[in-house]
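Here's the structure, in structure tokens; my notes come after.
The values are calculated or read from the model by the stated rules, or taken from the named source; none is laboratory data. Everything numeric in this text was worked out from a predicted model, so none of it was measured. Glycine also receives a Cβ, built like all others from the backbone with ideal geometry; neighbour counts cover every protein chain displayed. We work out accessible area using only protein heavy atoms, side chains counted, and drop any ligands, DNA or RNA first. Shrake-Rupley method; radii C 1.70, N 1.55, O 1.52, S 1.80 Å.
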Amino acid sequence: WEDEYWKRVYKPLFINKLKPLYAVEGFDSLKEVFFQIECKVAKSYAVNSLAKKSSLSSELEKKLEDRAFSLEAISYALSFCYKIGALEDEHTLELRLRSTFRKGKGLLYAKAKWKSSVEGDLGALSFAEIKELEKQAALSLLEKKNPSGDLYQFLQRRGFRGQVIQEVLREKKG
């Protein structure tokens with residue numbers, strides 16, 4: 001605008017969508033029309049991204065920020081995704097947690113891996129369910145691998161919590 005960059009956009013997302021800006025007169029109406037276009041593009045990008053891979057809201061927000069969308073457009077896109085049911089953080093976290101346990105990793109590993117997206121909330125699972133799942137994962141890991149040496153360190157290196165390791169070792173001995 002007046003030989004200055006007003007807004008930088010990610011070209012592949014906005015291609016063929018900026019034509020309405022040519023008919024705009026005045027900077028205020030330009031902002032309004034561009035905001036409408038930006039909201040549509042952000043919504044489309046968010047839905048397409050979720051269709052390819054389920055993400056947590058914090059991960060999707062980061063993707064949208066990386067594409068230089070405004071905060072208002074990001075919040076609009078996230079609210080739309082929540083509204084249509086495409087963004088379910090609790091369910092996604094639960095699935096990821098169960099997958100981590102199946103791979104023989106513990107809760108501490110999962111928290112470290114998703115530290116930016118997990119803020120104390122671990123989905124719809126209760127603490128007792130998480131503890132039981134982690135315990136079963138540790139037992140199955142010990143059956144599969146049958147490690148020699150210190151079993152406590154073996155499980156600790158895989159991200160299992162100390163309390164769970166002690167219970168597993170008690171069960172294994174008794």
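In nm, what is the difference between 0.36 nm times the number of residues separating Tyr22 and Tyr10 and their Cα-Cα distance?
2.5 nm
Diagonalise the Cα gyration tensor of the chain and give the resulting equivalent ellipsoid semi-axes, square root of 5 times each eigenvalue, largest first, whole Å.
Over the Cα atoms of the chain, the ellipsoid semi-axes are 49, 14, 12 Å.
So if each residue of separation counts as 0.36 nm, and I subtract the Cα-Cα distance between Glu32 and Arg98, what length gain in nm does that give?
The span from Glu32 to Arg98 would gain 19.3 nm if fully extended.
Leaving out ligands, DNA and RNA, and with a 1.4 Å probe, what % of the accessible surface on the chain is carbon or sulfur?
In the chain, the share of accessible area belonging to carbon and sulfur is 50 percent.
Nearest 0.05, what FRET efficiency do Ala128 and Asp150 give at R0 = 25 Å with Cβ-Cβ as r?
According to the calculation, E is roughly 0.35.
What list of ³J(HN,Hα) couplings, whole Hz, do you get for the stretch 66-76 from phi and the Karplus terms 6.51, -1.76, 1.60, once you set θ to phi - 60° and write x for glycine and proline?
For the stretch 66-76, the Karplus-derived couplings read 5, 8, 6, 7, 6, 4, 5, 5, 5, 5, 5 Hz, x marking Gly and Pro.
Kindly report the accessible area of the chain per residue (heavy atoms of protein chains, probe 1.4 Å, no ligands, DNA or RNA), in Å².
65
For a Förster distance of 22 Å, can you work out the FRET efficiency between the beta-carbons of Glu90 and Gln136, rounded to the nearest 0.05?
So the FRET efficiency works out to roughly 0.55.
Please turn the phi angles of the stretch 135-148 into ³J(HN,Hα) values with the Karplus equation 6.51 cos²θ - 1.76 cosθ + 1.60 (θ = phi - 60°), one per residue in order, whole Hz, x for glycine and proline.
After applying 6.51 cos²θ - 1.76 cosθ + 1.60, I find 5, 5, 5, 5, 5, 5, 5, 5, 5, 5, 7, 6, x, 9 Hz.
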